[in-house]
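Q: Quick one: the structure is below, questions incoming.
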Amino acid sequence: NKGKYEHYMQKEIHEQPESLTTTMRGRLIRGGSSKRKSVLLGGLKDHLKTIRRSRRIVFIGCGTSYNAALAARPLLEELSGIPVMMEIASDLLDRQAPIYRDDTIIFVSQSGETADTLNALEYALENGALCVGITNTVGSAIARNTHCGVHINAGSEIGVASTKAYTSQIVVMAMVSLAIGADTISSKPRREAIIESLLNLPEMKDLAQSLISEQSLLMFGRGYNYATALEGALKVKEVALMHSEGILAGEMKHGPLALVDENLPIVVIATRDQSFSKQQSVIQQLKARKGRLIVMCTEGDAAAVCGGSGRVIEVPLVVDCLQPVVNIVPLQLLSYHLTVLRGYNVDQPRNLAKSVTTE
Ligand code: UD1
Ligand code: M6R
């Protein structure tokens with residue numbers, strides 16, 4: 001039931017404040033006089049010791065689920081002190097990459113039924129690794145066949161383009177990071193600030209209008225928001241049927257800069273975190289080449305970041321590691337509006353299936 005919305009994708013984007021609340025429900029202990037603030041993940045608590053002893057942690061997923069893991073990677077590395085590697089399921093299998101008994105492998109999948117991810121799970125089980133699932137679907141093949149895991153509890157996602165599952169996956173992986181590194185715990189008020197931030201995000205209709213007949217759209221991000229650039233571009237490709245590429249800003253001079261001219265729209269993610277000054281210099285370099293910029297920055301930074309020229313998307317500031325949860329929302333809305341304006345099917349993009357059960 002779409003309720004007051006025209007499309008499932010639109011409904012699911014707007015549902016994110018609630019889906020994130022459900023994802024966190026019962027899993028965060030507020031603390032008080034005797035209790036410490038902490039995270040309780042019922043599905044992981046008996047395995048945390050093993051995970052902390054593992055030599056490395058490997059995230060495996062496809063598409064949006066891979067991007068969510070990429071967004072969570074810096075925090076997991078920081079809080080666990082364990083090397084965290086990223087693998088796209090099909091690529092891991094193509095390479096028959098080495099997996100060891102002292103590895104913890106985290107399988108991220110909204111549906112829990114993606115063939116590539118399941119094949120990778122089977123391969124990791126054969127190799128004796130501890131296999132952890134992060135899925136939205138109770139009783140799915142990934143939930144059943146992993147040793148342990150966490151359900152993201154985002155509610156069913158109908159639109160083929162994954163939106164609310166992405167943000168819930170990041171939040172679950174942030175909670176997993178906190179549980180593994182149990183002495184570093186973000187506070188509940190910070191999380192509440194994120195939910196509050198989501199509620200107040202701006203509509204993106206005008207921006208979509210200005211991009212309606214473009215051929216291509218680039219998105220530059222780095223650090224915590226490299227994943228945001230990849231995921232924003234995936235959404236635009238998938239539903240708006242427009243070419244789009246997410247680029248690690250640190251790679252700009254190693255090739256992509258050649259594409260920049262006054263016509264190609266470029267989204268630059270420059271919210272406040274340790275990458276901010278580097279992103280400011282990226283903006284300067286793009287401006288020097290007359291790049292057509294759309295800058296995403298922290299509320300109140302518009303003048304400082306882009307000096308009044310180009311389009312600006314302002315987002316509320318949250319703690320750096322969770323900023324990707326906020327930053328993706330305007331890009332989801334942008335891809336949604338762009339799709340509607342271009343007259344394409346939002347909830348069932350051509351050639352795609354919600355759950356990819358064949359290789
Ligand atoms: C569980 C209950 C929830 C209840 C709560 C109360 C289920 C599905 N969840 O939630 O209804 O309100 O206790 O304490 O009954 N698992 C995997 N692989 C995965 C995902 C999960 O093996 O990919 C396993 C977990 O290790 C765990 C079980 O499934 O044993 C349930 O996981 P989850 O729903 O995340 O646990 P809780 O949040 O504790
Ligand atoms: O169900 P999964 O999370 O395993 O699905 C993985 C991808 O097929 C999926 O995220 C796909 O990229 C989405 N349609 C993107 O919106």
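Q: Does E87 qualify as being at pLDDT below 95 and either over 20 Å from T22 (Cβ atoms) or surrounded by 21 or more Cβ atoms within 10 Å (Cβ to Cβ) (or both)?
A: Taking the combined requirement at face value, the residue does not satisfy it.
Q: Would you confirm whether or not the stretch 157-175 contains a residue that is open to solvent by 40 Å² or more (accessible area, probe 1.4 Å) and either within 15 Å of ligand 2 (Cβ to nearest atom) or under 25 Å from I328 (Cα atoms) (or both)?
A: yes
Q: Residues V329, V325, V315, V356: which one is over 30 Å from I142 (Cβ atoms) and aliphatic (A, V, I, L, M)?
A: V315
Q: Quick test of your reading of the structure: T64 fulfils all but one of (1) open to solvent by 20 Å² or more (accessible area, probe 1.4 Å); (2) among the hydroxyl-bearing types (S, T, Y); (3) at pLDDT 95 or above. Name the failing condition by number.
A: Among (1) open to solvent by 20 Å² or more (accessible area, probe 1.4 Å); (2) among the hydroxyl-bearing types (S, T, Y); (3) at pLDDT 95 or above, the lone unmet condition for T64 is (1).
Q: Of the residues that make up the stretch 227-240, is at least one in a loop (DSSP other than H, G, I, E, B) and not acidic (D, E)?
A: Within the stretch 227-240, none of the residues are in a loop (DSSP other than H, G, I, E, B) and not acidic (D, E).
Q: From the list E126, E77, E113, E122, which residue is over 24 Å from D46 (Cβ atoms) and of a type outside the set (S, T, Y)?
A: Step by step, each of E126, E77, E113, E122 is checked, and only E113 is over 24 Å from D46 (Cβ atoms) and of a type outside the set (S, T, Y).
Q: Condition first: at pLDDT 95 or above and within 16 Å of T64 (Cβ to Cβ). Can you find one or more residues in the stretch 118-132 that meet it?
A: No - not one qualifying residue is present in the stretch 118-132.
Q: Find all pairs meeting these conditions: Cβ atoms under 8 angstrom apart; at least six residues apart or on different chains; first residue within the stretch 26-42 and within 17 Å of S177 (Cα to Cα); second residue modelled with pLDDT under 65 and open to solvent by 80 Å² or more (accessible area, probe 1.4 Å).
A: Here the result reads I29/K35; I29/R36, each pair linking the stretch 26-42 to a residue that is modelled with pLDDT under 65 and open to solvent by 80 Å² or more (accessible area, probe 1.4 Å).
Q: Scan the stretch 102-131 and report the pairs whose first residue is closer than 24 Å to S162 by Cβ and within 12 Å of ligand 1 (Cβ to nearest atom) and whose second residue is basic (K, R) and open to solvent by 30 Å² or more (accessible area, probe 1.4 Å), with Cβ atoms within less than 9 Å and a gap of 6+ or a chain change.
A: Filtered contacts from the stretch 102-131: Q110/K354; S111/K354; G112/R144.
Q: Turning to a different aspect of this structure: If D91 meets every condition in (1) over 17 Å from the mean Cα position of the chain (by Cα); (2) within 22 Å of K235 (Cβ to Cβ); (3) within 16 Å of ligand 1 (Cβ to nearest atom) apart from one, which number is that one?
A: Unmet condition: (3).
Q: Let me ask something additional. Given the residues K49, K45, which is the only one that is surrounded by fewer than 23 Cβ atoms within 10 Å (Cβ to Cβ), within 16 Å of ligand 1 (Cβ to nearest atom) and not in a helix (DSSP H, G or I)?
A: K45
Table: residues versus (1) of a type in the set (A, V, I, L, M, F, W, C); (2) open to solvent by 20 Å² or more (accessible area, probe 1.4 Å).
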{"residue": "L230", "(1), (2)": "yes, yes"}
{"residue": "A233", "(1), (2)": "yes, no"}
{"residue": "M242", "(1), (2)": "yes, no"}
{"residue": "E245", "(1), (2)": "no, yes"}
{"residue": "A249", "(1), (2)": "yes, no"}
{"residue": "M252", "(1), (2)": "yes, no"}
{"residue": "G255", "(1), (2)": "no, yes"}
{"residue": "E262", "(1), (2)": "no, yes"}
{"residue": "R272", "(1), (2)": "no, yes"}
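The values are calculated or read from the model by the stated rules, or taken from the named source; none is laboratory data. Computed from a predicted structure; not experimentally measured. Note that each Cβ is placed from the backbone with ideal geometry, even for glycine, and that neighbours are counted across all protein chains shown. SASA here: full protein model, heavy atoms, side chains in, ligands and nucleic acids out. Shrake-Rupley method; radii C 1.70, N 1.55, O 1.52, S 1.80 Å.
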